[in-house]
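These notes concern the structure reproduced below.
The values are calculated or read from the model by the stated rules, or taken from the named source; none is laboratory data. Being a predicted model, the structure only gives us computed values, none of them experimental. As a convention, Cβ positions derive from the backbone with ideal geometry for all residues, glycine included, and neighbour counts pool all protein chains shown. Each accessible area value is taken on the protein alone, full model and side chains, heavy atoms only, with ligands, DNA and RNA left out. Shrake-Rupley method; radii C 1.70, N 1.55, O 1.52, S 1.80 Å.
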Amino acid sequence: MGMRRSDLLLLAVAVVWGSSYLAAQTLVLVGGVLAVLSLRFLVSAAALAPAMARRRPSRPELRVGALLGLTQASVLVLETYGVSLTSATNAGVLISLTILLTPALEGAAHRRWLPGRFFVAAAIAVAGVTLLVAGPGLRAPTTGDALMLAAAAVRAAHVTLSGRLTTGRQYDTVTLTWLQTAVGAILFTAVAAPALPAAVRAFGPGHWLGVLYLALGCSVFAFLVQLWAIRRTSAARASLLLGTEPVWAVLIGVGVAGEHLSAAAVAGIALVLAGTYYGQRVESAHREPVPV
């Protein structure tokens, strides 16, 4: 039951992240990348602050939370600038490599490898993402591609570290999540300080609702669930489930923005879901569930 609940919550995170693109694009056009990231993390840290009133982070929690905050912030910076310097197709394919990189890193860290069938399932999911975002097709490599590849590697490291450093330890998930948001708030605000006043003045009520959604849904909820679930399943399984994010982004684009699905996109969605389902079954048969 614990595994099933974790799976559903991770899928919910993928849906939330997939739904964030429309809001993020609008906000970035008005306020700029760094200002939006700063406000997102400031609101996230403030939202979790009341929960920290009776919590006192231990030194190990401070170290782990700071490290995870640095890796999480790095992923967002690399992704944001990478997407702006390459095509959506290249970006989608490269970031989906996290699905393959995470089980490889986790296997190396634990010196216990998942069966080859899991990597086949992950490759099927990556192939599905490729079809899903195919659009005009892949373009020649650019600096943006290098940034997206780095983002995939750092995201895989972040997910792997989240499990490696916290599983089996008496760390508080809320405390670690708050530390991640606090680190992001400090870093992004320090860099974006000159642009923040202009962004705040430019935002209207609709923009602030978007900031709240990114902060409360895509950060507080998503970070809490991701860490909670990884401590109860595995980084590889979590990465596979979170890798369905492009599917939800496309489906939400169809439902909200009136976009149309091509035959290639439908085939891509089918492959992503098939690869994810098969990978879950392989992972479940290979690992004993961690008690909740």
Kindly list, by first and then second residue, each pair from a residue in the stretch 160-174 that is closer than 14 Å to Gly65 by Cβ to a residue that is open to solvent by 50 Å² or more (accessible area, probe 1.4 Å) and assigned to a loop (DSSP other than H, G, I, E, B), limited to pairs with Cβ atoms under 8 Å and residues at least 6 apart or on different chains.
Asp172/Arg55; Val174/Arg55
Of all residues in the stretch 150-178, count the ones that are open to solvent by 50 Å² or more (accessible area, probe 1.4 Å), part of a helix (DSSP H, G or I) and more than 15 Å from Gln72 (Cα to Cα).
1
Can you tell me how many residues in the stretch 81-90 are in a helix (DSSP H, G or I) and either open to solvent by less than 40 Å² (accessible area, probe 1.4 Å) or in contact with a Leu (Cβ under 8 Å, 6 or more places away or on another chain) (or both)?
4
Criterion first (under 17 Å from the mean Cα position of the chain (by Cα), of a type in the set (S, T, N, Q) and surrounded by fewer than 18 Cβ atoms within 10 Å (Cβ to Cβ)) does Gln25 satisfy it?
yes
Given the options Val250, Val225, Val272, Val266, name the one that is touching a residue at least 12 places away in the same chain (Cβ under 8 Å), among the β-branched types (Val, Ile, Thr) and open to solvent by 20 Å² or more (accessible area, probe 1.4 Å).
Val250
For the stretch 48-80: of the residues being touching a Gly at 6+ places or on another chain (Cβ under 8 Å) and in a helix (DSSP H, G or I), which is surrounded by the fewest Cβ atoms within 10 Å (Cβ to Cβ)?
Leu76
Cβ pairs under 7 Å, 6+ apart or interchain, first in the stretch 91-119 and open to solvent by 30 Å² or more (accessible area, probe 1.4 Å), second hydroxyl-bearing (Ser, Thr, Tyr), ordered by first then second residue, are Leu105/Thr160; Ala109/Thr160
